[in-house]
Amino acid sequence: MIKFAIFDLDGTLLDSSEMWRTLGIRYLTALGETPEEGLTDEMNELSLPEGARYLHEHYGLSYSPEEITRHLTRMIERFYTDEVRLKDDAAKLLAALRAHCVHMSVATAGDERLGMSALSRLGVGDFFTGSVSCSNYGSKTSPDVFLAAADLIHALPEETVVFEDSLFAVKTAKRAGFATAAVKDISESNQTELKRFSDFYAERLGEFVDNIKVILNFTA
């Protein structure tokens, strides 16, 4: 039986993947530079400071990598403060889980302060007991961040479903004994494998609402 749920933020609850994909492009365009084809793929594999160094060196920008990092950070902060929206049916899914007395927490690879602030602005922050970030527990290639999110709600992995959009995160959660529910997002290119490895798969979050009783009766 599933009594608890852990949610990823970017690409799962928050419709933020396109911002991350195009951050470098939008920054260069604002500076009057012409982004080269393939920049999105290049930036997606780098941390923010690494991406800033790449932009500085590859495009010969006059700003230092540290200044570029600050500029990109401000762009991200503005996005989460003013622009980001929930993915379709996210609020509906959270309400359905709460109606079944499911306790919830967040495990994010991003900035948990910005992410939780966005959830509060969008009216769903109070669905969650709390949040944990990979900045404190390591990437989602390790189960530590999921286990920490479970501790927040006093949950055992076998009683908990993890909602994710990323294949490697789903694999990690499954290895740690969690049930997994994967939702389609542009950030994950291998939807075939994501569907194969997850216990539940949906192209939109509303499909999970339609199958809520099946998910809650699942034995991990």
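The values are calculated or read from the model by the stated rules, or taken from the named source; none is laboratory data. In this text the structure is predicted, and so the values were computed from the model without any measurement. Here the Cβ positions follow ideal geometry from the backbone for every residue, glycine too, while neighbour counts run over all protein chains shown. Calculation scope for accessible area: heavy atoms of the full protein, side chains included, ligands and nucleic acids excluded. Shrake-Rupley method; radii C 1.70, N 1.55, O 1.52, S 1.80 Å.
Put simply, of Ala52, Ala30 the only residue that is open to solvent by 30 Å² or more (accessible area, probe 1.4 Å) and either small (Gly, Ala, Ser) or in contact with a Cys (Cβ under 6 Å, 6 or more places away or on another chain) (or both) is Ala30.
Scan the stretch 185-197 for residues that are assigned to a loop (DSSP other than H, G, I, E, B) and either of a type in the set (A, V, I, L, M, F, W, C) or open to solvent by less than 90 Å² (accessible area, probe 1.4 Å) (or both) and jot them down. Give the derivation first.
Taking the stretch 185-197 and keeping what is assigned to a loop (DSSP other than H, G, I, E, B), we get 185-190.
Selection gives Asp185, Ile186, Ser187, Glu188, Asn190.
Determine whether the stretch 198-211 contains at least one residue that is touching a Phe, Trp or Tyr at 6+ places or on another chain (Cβ under 8 Å) and either modelled with pLDDT under 95 or open to solvent by 70 Å² or more (accessible area, probe 1.4 Å) (or both). There is at least one residue in the stretch 198-211 that is touching a Phe, Trp or Tyr at 6+ places or on another chain (Cβ under 8 Å) and either modelled with pLDDT under 95 or open to solvent by 70 Å² or more (accessible area, probe 1.4 Å) (or both). Contact map, the stretch 170-191: residues that are farther than 18 Å from Leu13 by Cα paired with residues that are among the polar types (S, T, N, Q) and open to solvent by less than 40 Å² (accessible area, probe 1.4 Å), Cβ distance under 8 Å, separation 6+ or inter-chain. Pairs shown: Thr172/Ser142; Lys174/Thr180; Lys174/Ser198; Phe178/Thr160.
For Glu67, the conditions (1) part of a helix (DSSP H, G or I); (2) surrounded by 14 or more Cβ atoms within 10 Å (Cβ to Cβ); (3) at pLDDT 95 or above are fulfilled apart from (2).
Total residues in the stretch 120-133 satisfying the condition of being open to solvent by less than 20 Å² (accessible area, probe 1.4 Å) and within 13 Å of the chain's Cα centre (by Cα): the figure is 2.
Are any residues in the stretch 1-27 among the hydrophobic types (A, V, I, L, M, F, W, C), open to solvent by 30 Å² or more (accessible area, probe 1.4 Å) and assigned to a loop (DSSP other than H, G, I, E, B), and if so, which ones? Step through it out loud before you land on a result.
Initial filter on the stretch 1-27 (among the hydrophobic types (A, V, I, L, M, F, W, C)): 1-2, 4-7, 9, 13-14, 19-20, 23, 25.
Checking the rest, the ones that are also open to solvent by 30 Å² or more (accessible area, probe 1.4 Å) come to 1, 20, 25.
Hit for the stretch 1-27 is Met1, nothing else.
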